[in-house]
Amino acid sequence: MVNLQSGLLLLGGAQAALGFLPGPRDAGAAEHEAASPVGEAPGAVTPQPALPNMAKDCTRFHLVQSGDTCWQIAARYGVETAQFLRLNPSAGPGCRSLWAGYYSCVGVKAKRPTRTEVSRRAAGVETPQPVQPHMVANCNKFHLVRAGDTCGLIAALYAVSVDDVILWNPDAGADCTTLWAGYYACVGIGG
């Protein structure tokens, strides 16, 4: 008996792996967006087959093609390679276990902060809204993040270090890949 879902052949209680490929796919589309828009559904339906251990909150997918690398896929979707590897841990160190014919995760549902009705004040400075989540309270200089902005670019614009940008905006992450476009980031504190 053949279990078509798992590709296992059952022989008298023993299992043997079959060497066949999954069924045909739409060869013209290597990308798959979740059927429902991001933010409206509690979760997206993950297309199959998917890489094992993929991020559970994935909403955007890429069908891995023969010859694809983690770096190429990450660049195509505008994510950092480190983020791609966190979303797809089974790709392994150095991206040695990326499987052609399987879907990988290239985007997750953004967790946006709620808009604050009253602006916070720091040292008499009005804080613009909305701000990056968990931004330091004593911020007195702000930058409106635009799509494509990096911590390095922002730091250079305001003559501060990347470490400071990350310190003042902790939800940007240690590798500074999660600043939200359209939200203000802190680029200066104190006097």
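So here's what we get for this one:
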{"item": "Flag if residue 67 is at pLDDT below 85 and surrounded by fewer than 18 Cβ atoms within 10 Å (Cβ to Cβ)", "result": "no"}
{"item": "Flag if residue 53 is surrounded by fewer than 15 Cβ atoms within 10 Å (Cβ to Cβ) and either at pLDDT 90 or above or in a helix (DSSP H, G or I) (or both)", "result": "yes"}
{"item": "Some residue of region 139-155 being modelled with pLDDT of 85 or more, in contact with a Phe, Trp or Tyr (Cβ under 6 Å, 6 or more places away or on another chain) and exposed (fewer than 14 other Cβ atoms within 10 Å of the Cβ)", "result": "yes"}
{"item": "Conditions (1) of a type in the set (Gly, Ala, Ser); (2) exposed (fewer than 15 other Cβ atoms within 10 Å of the Cβ); (3) modelled with pLDDT under 90; number of the one not met by residue 107", "result": "(2)"}
{"item": "Test set (1) at pLDDT 85 or above; (2) over 30 Å from residue 132 (Cβ atoms) - residue 91 fails condition number", "result": "(2)"}
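The values are calculated or read from the model by the stated rules, or taken from the named source; none is laboratory data. What you see is a predicted model; the values in this text were computed from it and never measured. Neighbour counts are summed over all protein chains in view; Cβ atoms, including those assigned to glycine, are modelled from backbone coordinates with ideal geometry.
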